[in-house]
Structures are given as structure tokens and as C-alpha cells.
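Taking it in order: structure first as C-alpha cells, then the write-up.
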């Protein structure tokens, strides 16, 4: 299979890239890692007349710790760079753990964070992690710059809040509370497959009470989800069995997974129940120091 004909551009700066996008209009596409775009071109699912390769633009592939303890991640940062970054492992262990579940090494070596979140696959790890970590995404066009909260970025399956003339340039992640507990749980048919369901949890505990909880899900809706009702239940509580049962019930009430060729809705509900229970408990044990790794 071969892609349709297109004009290939290789801008040397962000300004050149957004100018090329503006000129191309709806007929232009950004080439970053190419792990989603190239197969879609080969299958003729997309037929752009202009392909704009941003891989040689300097500064878009950096991971930088910020003075406040947060993180700036360039849009061209490869999955494998996130997976192996000591800064990411130290500041955001949940992100480090989740990246090890993304596809296979060959894909992680090429796939980019900007490409993944813009593609907005509801069964991909990075979109859910952006919501879980309250990330903010910067997009630039020839008309200016927008900064979008992850909560508002993912509109529907395979649709993000990025216009045809806009380019994702960086992701900023605020610092997590000192000593926050975390957990990431995922089930896929085979290692490297898209998740049938996955859960991420971040929890901050003071004096044996939860003062902040975040619960993110993927693979169970058209977009990654944060379950605010379940998070609220945990506030100012200890993670005893009764509270955990309430949290699980709130999560199951909030989701309506669909049936597809990979799994039934009933199976995804079952997976979600098991994974939420496991992840919340693990995050609690890490937050209280009962698990130290």
C-alpha cells in the first residue's frame, strides 16, 4: 500500500510550520512520529496535499523540570524518552509506569506525545494521563497561541481541540503534592495492544485522611475520563472497605462502555471494577507509606 501524492515540507522553525499550515488550509497535515498518520495515509483514510515534517524544529523534543517542580514536555518528545527519563520517574512515577504499557519499543521510539494526544485515541494511555495530571496543552497558529486544559482538550473519539491551522508545541504538567500515592492498572489482550480498560489514580494523604484524589479511566468511553463523584467520596476519608465500595459504585455509575470486536460492555465494566479497586488501594498504600517503591 502506498499513500496518495503529497507535497513534502520540512520547516526549520515553529513559525515556518504554522505558516505552512495556514497556507495549506484543510489540505495540510503535521508529520511528527508518524505512528498513526502514516498507516492512515497508506490505507488512503487521509489524503492531504501537503505533509509538514516538524522533526527538525529545535526545542520541541525536550523534557524540562520547572522551578515549581512541574514539568514542561515538548510535543516531539518520544514515548521512550518519557519512559526512561529520570526526571519523569522521580516527579511523576504514574506517568513513568504507564509509558511502559504503550505499544511496543519500536513504536515508543518513534511515537510522540504531541501526536498521541492530538490523535486522541480513547484507548491510548497519554490522553488519560494528561487529564489525570491536570496538564495544559499549548497550541500555536499563525493567528496566535492558545493554552488548553486537558479537561477540555479531548472532544470525542479521535478528535481533539486542535484546529487544522494549529500545531501542538508543548505540554505543561503542574507539580504533584509531595509524597502523593499513585497507581496505574491496565488490561490488554496482549502486551502492547490497546487497553480494554485502564485506571490511573493519584492520591495525597495527610493525617490518615485523603486531602486530594484523582481517578482517571480510559477504554470505557469516547474520551478519557476523570470521575469527579468518586474523587469527592474519597475526600477527608480513609480508604477502608466501605469507602472503597462507594468509590467503585460511583465509577460504575459514571461510565457506559460500549461493545466492540475486542470486548463486551459487560466485560469492560467488570474490568473497571477490578482495576479501580486495585488502583485506589495501591495509591492509598503508597500515600501512607505502606508501599515504599
* Asked: Sorted from fewest to most neighbouring beta carbons within 10 Å, what does the list 171, 63 look like?
  -> 63, 171
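Could you line up 6, 43, 153, 184 from fewest to most neighbouring Cβ atoms inside 10 Å?
Ordered from fewest to most neighbouring Cβ atoms within 10 Å, 6, 43, 153, 184 come out as 43, 6, 153, 184.
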* Structure fact -> Residue span residue 188 to residue 49: 0.36 nm per residue of separation minus Cα-Cα distance leaves a gain in nm of 46.4 nm
* Could you tell me whether the range 119-201 comes out rounded, prolate or oblate from its Cα gyration tensor? Rule is a ≥ b ≥ c as square roots of the eigenvalues, rounded for a/c under 1.5, then prolate if a/b exceeds b/c, otherwise oblate. => oblate
* Give the shape of the range 30-110 as rounded, prolate or oblate, defined through the alpha-carbon gyration tensor: a ≥ b ≥ c are the square roots of its eigenvalues, a/c under 1.5 means rounded, and otherwise the shape is prolate if a/b is larger than b/c and oblate if not. => oblate
* Rounded if a/c is under 1.5, else prolate if a/b is larger than b/c, else oblate: which is the range 171-217, with a ≥ b ≥ c the root eigenvalues of its Cα gyration tensor? -> prolate
* **As computed over the range 63-173, the Cα convex hull volume per residue (Å³)** => 95
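If R₀ is 41 angstrom, what is the calculated FRET efficiency for the pair residue 207 and residue 163, using the beta carbon separation as r and rounding to 0.05?
0.30
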* **Two-decimal Rg/Rh across the range 181-287, once Rg and the Kirkwood Rh are taken from alpha-carbon atoms** => 0.98
* Using the number of other C-beta atoms within 10 angstrom as an exposure proxy, rank 212, 166 with the fewest first. => 212, 166
* Gain in span if fully extended, residue 56 to residue 26, counting 0.36 nm per residue against the direct Cα distance -> 8.5 nm
* To do: Choose one answer from 132, 95, 37: the residue with the largest mean-square fluctuation in a GNM of the chain with alpha-carbon springs under 10 Å.
  => 37
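Please give the length that would be gained between residue 288 and residue 155 if that part of the chain were fully extended, namely 0.36 nm times their separation in residues minus their C-alpha to C-alpha distance (nm, one decimal).
Additional length available on full extension: 44.3 nm.
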* Asked: When every alpha-carbon pair in the range 7-53 is counted, what percent end up more than 18 Å apart?
  -> 25
* Order of 102-109, 15-22, 118-125, 197-204 by packing, highest average Cβ count within 10 Å first? -> 197-204, 118-125, 15-22, 102-109
* To do: Let me have the 222 nm mean residue ellipticity of the chain computed from DSSP H runs of 4+ only, each contributing -39500 (n - 2.57), with the sum over all residues rounded to the nearest 500.
  => -10000 deg cm²/dmol
* Asked: Which whole-angstrom value gives the distance between the alpha carbon centres of the range 189-210 and the range 214-293?
  -> 8
* Cα-based Rg (one decimal) and Dmax (whole number) for the chain, in Å? -> 19.5, 63
* Comparing 229, 240, 193, which has the greatest mean-square fluctuation in the GNM of the chain with Cα pairs linked when under 10 Å apart? -> 240
* Please check which bits of the range 53-81 a label hung off residue 10 would reach, taking the label as a point 7 Å along Cα-to-C-beta and the cut-off as backbone N under 13 Å. => 53-57
* To do: Specify the residue with the greatest mean-square fluctuation among 138, 159, 84, computed from a Gaussian network of the chain linking alpha-carbon atoms under 10 Å apart.
  => 84
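Where a number appears in this text, it was derived from the coordinates with a stated rule and is not lab data. A quick note: this is a predicted structure, and the numbers were derived from the prediction, not measured. Don't worry about glycine lacking a Cβ; one is built from the backbone with ideal geometry, like all the others, and counts go over all protein chains shown.
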